[in-house]
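The values are calculated or read from the model by the stated rules, or taken from the named source; none is laboratory data. In this text the structure is predicted, and so the values were computed from the model without any measurement. Virtual Cβ from ideal backbone geometry, glycine too; neighbours counted across all protein chains shown.
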Amino acid sequence: MCGRFTLTVDPAELQDAFTDFTFPVQFVPRFNIAPTQPILAIPNDAKNTADFFVWGLIPSWAKDPSIGQRLINARAETLGEKPSFRGGFKYKRCLILADGFYEWQAQIGAKTKIPHYIHLKDRQPFAFAGLWDEWHAPDGGSLRSATIITTEPNELMMKLHNRMPVILDPADYAEWLDPAPRTPDSLAALLKPFPADQMAAYPVSTLVNAPANDRPELVVPV
C-alpha cells in the first residue's frame, strides 16, 4: 500500500520536471502527506492543469463521503472489477505528484515497524498513477478526491512490503491522461512496478508515524 508520501520540491522545480503541465495553485513543501489531506494531482480533463484533491476516493454515487478514508489505495489487478474504481479506471485517471513515499518494514520478533523513505535515485519528482472523482453534497457543494494505484513490489520494495505505488514513466503520462474512455486491457501494461535500479530507500525516524509531524527531519536517514 501507500499510506504517506512527500512533495518537498518548490513550484519551479516541479514545473521544470513537468513541462507539459501548468501549476496555477500555490503549495508549500510537504514531508508527511497523509490520507484525507489535500494532494496535488493532474486529472484527465484535457486541461493538463494541476489542482488539489482530497486523498481518499469518494465515488460520485457515494451517500457518505467518509468512504474515502477506506479508499486511499486501489489495487491495479482489480481496478476493472471493483465498483468503487472501475468507473474511474475507464473515465477518470490522474497523475498524483510526489518526490518520495514511506513504507514500514516489519521486524521479526518485534512489534515496532521501521519506517523507510523511498525516492528516485536522481531525486526528481514523479507521478503516481491515480483515479479521481467528483462528489456532490446534498447542500450543493462538491468535492474532488483521488486514490493512488498500487501494484506488486519490485526487488527493492519487496524487502519492505508486499505492495508498492505505481510510479508512471513520463513517456506514459499522455496515455494515462487520455480523456477518452479506456478499457482495462488497454492500460494494464502501464500499471507495473517501477524499475528497482532507479530507486533508493533508507530508514527514517518514527516521527513520521504521527501525521501531525510534517518537517524536513522526517526524511533524514537514521
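Matching residues to (1) more than 12 Å from the chain's Cα centre (by Cα); (2) under 29 Å from residue 215 (Cβ atoms):
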| residue | (1), (2) |
| --- | --- |
| 28 | yes, yes |
| 41 | no, yes |
| 44 | yes, no |
| 48 | yes, no |
| 84 | yes, no |
| 112 | yes, yes |
| 126 | no, yes |
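Check residue 109 against each of (1) without any contact (Cβ under 8 Å) to a residue 60 or more places away in the chain; (2) surrounded by 15 or more Cβ atoms within 10 Å (Cβ to Cβ) and name the one condition it does not meet.
Failing condition for residue 109: (2).
Exactly one of these conditions fails for residue 147: (1) surrounded by 14 or more Cβ atoms within 10 Å (Cβ to Cβ); (2) of a type in the set (Val, Ile, Thr); (3) at pLDDT below 95. Give me its number.
Condition not satisfied by residue 147: (3).
Return the total of residues in segment 24-61 being surrounded by fewer than 21 Cβ atoms within 10 Å (Cβ to Cβ), in contact with a strand residue (DSSP E or B) (Cβ under 7 Å, 6 or more places away or on another chain) and either modelled with pLDDT under 95 or on the phi > 0 side of the Ramachandran plot (or both).
5
Condition check ((1) aliphatic (A, V, I, L, M); (2) closer than 30 Å to residue 66 by Cβ; (3) without any contact (Cβ under 8 Å) to a residue 24 or more places away in the chain) across all residues:
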| site | (1), (2), (3) |
| --- | --- |
| 162 | no, yes, yes |
| 166 | yes, yes, no |
| 180 | yes, no, yes |
| 185 | no, no, yes |
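Looking at segment 191-222, which of its residues are in contact with a strand residue (DSSP E or B) (Cβ under 7 Å, 6 or more places away or on another chain) and within 20 Å of residue 77 (Cα to Cα)?
Matches in segment 191-222: 191, 192, 193, 194.
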